[in-house]
Amino acid sequence: FDGITSYRGRLYLSPFNASQVVAVDPTSGSSVPFKTGLRFKGGGKGGLSKWSGVTSFRGKLYFAPHNSPVLLLAEDPRPTAETPPSKALEHMGSFLQPPPSEPKPSPRGEEETKTLDSEVGAEGVDYGQVAVDLKAIMDDPEWDDGSLAPVLIRLAWHSSGTYDAQGKTGGSNNCGLGGATMRFGAEKADPENAGLDLAQAKLEGVKQKHGAGLSYADLWILAAYVAIEHTGGPKMEFKPGRVDAADGSKCPHGDGAHNPNKSRLPPADLGPSKDAPKGCPMHHKEQPTIDAVRATFERMGLQDREVVALLCGGHVYGRCHRERTGYAGPWVEEMTIFSNEYAADMVGDKWVEVTHESPDCPHDEVRPAPGKRQYVSLGPGDEDEGGGGEVGDGSGSEGGGAPKQMMLISDMALLWDPKWRLWLPDYA
């Protein structure tokens, strides 16, 4: 628990990284928590859903959402006809934020530091200033959820995820053959890279400002470093020196053995196994996708724990777009902040499979395009029903308070595969 307080005959608990405050009556002898329904949705950039603390003061309850400069107030959290739980919370305002004239704090609550010192590299490029310029464009109210960070992280990952450890090709510098090959031909048209041309366009102003000495290959990676740090993640040392390919003749694309598009990137869904018996474990049912994803990452030289860490860190950002990939919705509720929400919700929530035609899909925002399937969250699983991480077929689900979150089949593989699931709690 992150916080505990007493209020009007009940104890109120805020579980670590949970999206519901729990109320219990310690005199009742019951071990089943009473859920108050105080599940905060939205109301801030990217949405706030995790509690850091709860306390009572002069007859009112106050809540502190994780990583937020606002306080929330509940006049009386007990459900009544007059004050239904869904309307019991109200903002106390952002009075904890510094005046606009002061430097804006990072989500970690401390002033951000630059990824690089302002030193001029061998190419005549001041990479410290490049980082400053990248930070200046990171918050974009016209872009998804108000931040370019998720799509820039995806751009860097997709330019790096073509790496072949044994063949020594691919990756952000294409093993010396010239990077940023996503600008050309088949790799540019790879469905796995849908929408990344827009991310490249957003960086063009920074590229032009710093001239030919700044390669696209370096720019894409540095942009992701700045994005991660800007959203509360760790500061990483940047190593420049990547060069750009002159054309698409050396594109690391077309020889992907585990993706129907011949992409070197992992597939999202290869469909269930045709010979899987009804009621078999999910890692048997979805073995085609699990095997393809594992083989793809093994080609990059990554072990099981590294695969789990990579997906937990990468898919805590951004969302899928139905018009681009056929999949719809964000993985997490706070999709512009570095956190453990992806792993925590995967383990703690109840998930159901939906298709475009599913009548009980909780929200249209997480309804995939025709021919696609994905999993959506119904909210935290009940401890008395075996906890979260449950899987269902979507029957009987209700929108109500269900979060607008989805997982791809390749995401759920971390929960189903015994070797991957072994590491999942480490990142939750």
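The values are calculated or read from the model by the stated rules, or taken from the named source; none is laboratory data. What you are looking at is a predicted structure, and each value in this text was computed from that prediction instead of being measured. Note: ideal-geometry Cβ built from the backbone for every residue, glycine included; neighbour counts use all protein chains shown. Ligands, DNA and RNA are excluded from the accessible area calculation, which covers all protein heavy atoms including side chains. Shrake-Rupley method; radii C 1.70, N 1.55, O 1.52, S 1.80 Å.
Annotations for the structure displayed:
- Considering the range 176-262, the qualifying helices (runs of 4 or more DSSP H), each wholly inside and each with 3 or more residues that are β-branched (Val, Ile, Thr), run over 216-230.
- Selection status of Asp244, without any contact (Cβ under 8 Å) to a residue 12 or more places away in the chain and more than 22 Å from Asp411 (Cα to Cα): no
- Scanning the range 334-366 for residues that are part of a loop (DSSP other than H, G, I, E, B) and within 13 Å of Leu378 (Cα to Cα) returns Asp360, Cys361, Pro362, His363.
- Scanning the range 368-380 for residues that are open to solvent by less than 40 Å² (accessible area, probe 1.4 Å) and over 17 Å from the mean Cα position of the chain (by Cα) turns up Pro368, Ala369, Arg373.
- Any hit, the range 286-293, residues being in contact with an Asp or Glu (Cβ under 7 Å, 6 or more places away or on another chain), closer than 23 Å to Lys350 by Cα and crowded, with 17+ Cβ neighbours inside 10 Å: yes
- Here Gly379, Gly371 are screened, and the one residue that is modelled with pLDDT under 95, among the small types (Gly, Ala, Ser) and farther than 22 Å from Leu422 by Cβ is Gly379.
- Scope the range 318-337; condition among the hydroxyl-bearing types (Ser, Thr, Tyr) and closer than 20 Å to Asp139 by Cα; matching residues: Thr336
- Selection of the range 306-333 for residues being within 17 Å of Ala402 (Cβ to Cβ) and over 8 Å from the mean Cα position of the chain (by Cα) yields Ala328, Gly329, Glu333.
- Just one of the listed residues (Thr162, Thr169, Thr181, Thr231) is surrounded by fewer than 19 Cβ atoms within 10 Å (Cβ to Cβ), touching a residue at least 60 places away in the same chain (Cβ under 8 Å) and over 19 Å from Arg324 (Cβ atoms), and it is Thr169.
- Among the residues of the range 120-162, those identified as out of contact with any Leu (no Cβ under 7 Å at 6 or more places or on another chain), part of a helix (DSSP H, G or I) and not aliphatic (A, V, I, L, M) are Gln129, Asp133, Lys135, Asp144, Asp145, Gly146, Pro150, Trp157, Ser159, Ser160.
- Among the residues listed as Glu298, Glu353, the single one being of a type in the set (D, E, K, R), under 20 Å from Gly161 (Cβ atoms) and open to solvent by 10 Å² or more (accessible area, probe 1.4 Å): Glu298
- Just one residue in the set Tyr317, Tyr327 is out of contact with any helix residue (DSSP H, G or I) (no Cβ under 7 Å at 6 or more places or on another chain), in a loop (DSSP other than H, G, I, E, B) and at pLDDT 95 or above; that residue is Tyr327.
- Qualifying residue in the range 274-281 (condition: closer than 23 Å to Tyr327 by Cβ, touching a residue at least 60 places away in the same chain (Cβ under 8 Å) and open to solvent by less than 40 Å² (accessible area, probe 1.4 Å)): no
- Count of residues meeting criterion [open to solvent by 40 Å² or more (accessible area, probe 1.4 Å) and farther than 14 Å from Gly254 by Cα] in the range 184-209: 8
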